[in-house]
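Everything on this sheet refers to the single structure shown next.
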Amino acid sequence: MKCLVGHDSERSYVNQNNEQPRINRSTTTLLMLLFLAGVLGQACVGTTPPVEPEPPAAPPTSTTDPPRRPPSPPPIPVEPAPPVIPEDEFSARTLEEINRDAPLEPIFFQYDSSQLDEAARQIIENNVDVLRSNPTWIITVEGHCDQRGTPEYNLALGERRALSVQEHLVSLGLNAARVRTVSYGKEFPFDPADTDEAHASNRRAHFVVTER
């Protein structure tokens, strides 16, 4: 019995000794596998392909209208040029020469009257046309009478005759500032004779250009 016990103990001892190197080899193999796995993992990490950058995003499209140009300033108004006075046959003449040629016709009145008849009105209209053609002229309407009557009466009658002519000129559109009046009564007759024809020629309104 002792021998068997001793023999079994020895076998047990031998088996324990044989299993020890097996365990060591297994552990070594496991460690090596873990080592290789770690190396391979690092290699994979080191060889990760580069990530391409994303292309830049396009700028957002504006939904608002483009700014409008401010309106052009209004044109500067140009002042009209002063009227050009045409040169005519009177432009180079003196007032004395103009009045000597009598471009404005006189008108005549009935006895003791300052009323304008149809012939007198037509002459005044013709004179207005001449004055419009010479816009710088200023005239004086002289009222005259025949020799009959007192000087005071004839001065008043001559004034009424001159004023009636002035009123008609203005009614035709002539500027009143261009028309002056004066009465000479019976002091400056056309014809000094004491006849009906002379008296008729002296009852008049005479036009004189006094400024130009």
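The values are calculated or read from the model by the stated rules, or taken from the named source; none is laboratory data. Since the model is a prediction, treat every value here as computed from it, not as a measurement. Every residue, glycine among them, receives a Cβ derived from its backbone with ideal geometry; neighbour counts consider all protein chains shown.
Values computed for the structure shown
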quantity: Meets criteria (touching a residue at least 60 places away in the same chain (Cβ under 8 Å) and among the basic types (Lys, Arg)) for ARG204; calculated: yes
quantity: Boolean, ASP112 is part of a loop (DSSP other than H, G, I, E, B), modelled with pLDDT under 90, out of contact with any strand residue (DSSP E or B) (no Cβ under 9 Å at 6 or more places or on another chain) and of a type outside the set (Val, Ile, Thr); calculated: no
quantity: Identity of the residue in region 179-197, crowded, with 18+ Cβ neighbours inside 10 Å and under 49 Å from the mean Cα position of the chain (by Cα), that ends up farthest from TYR111 (Cα to Cα); calculated: VAL179
quantity: Yes/no for ALA176 being free of Cβ contacts under 8 Å to residues at least 24 places away in the same chain and touching a helix residue (DSSP H, G or I) at 6+ places or on another chain (Cβ under 7 Å); calculated: yes
quantity: Candidates ALA119, ALA205, ALA177, ALA156, filtered to the one that is in a helix (DSSP H, G or I) and within 30 Å of SER91 (Cβ to Cβ); calculated: ALA177
quantity: Residue list for region 198-212, restricted to those being more than 17 Å from GLN115 (Cβ to Cβ) and within 58 Å of the chain's Cα centre (by Cα); calculated: HIS206, PHE207, VAL208, VAL209, THR210, GLU211, ARG212
quantity: Scan of region 127-136 for residues that are surrounded by 12 or more Cβ atoms within 10 Å (Cβ to Cβ) and not in a loop (DSSP other than H, G, I, E, B), ordered by number; calculated: ASN127, VAL128, VAL130, LEU131, ARG132, SER133
quantity: Hits in region 159-212 (condition: closer than 19 Å to VAL130 by Cα and among the charged types (D, E, K, R)); calculated: GLU167, ARG178, ARG180, GLU211, ARG212
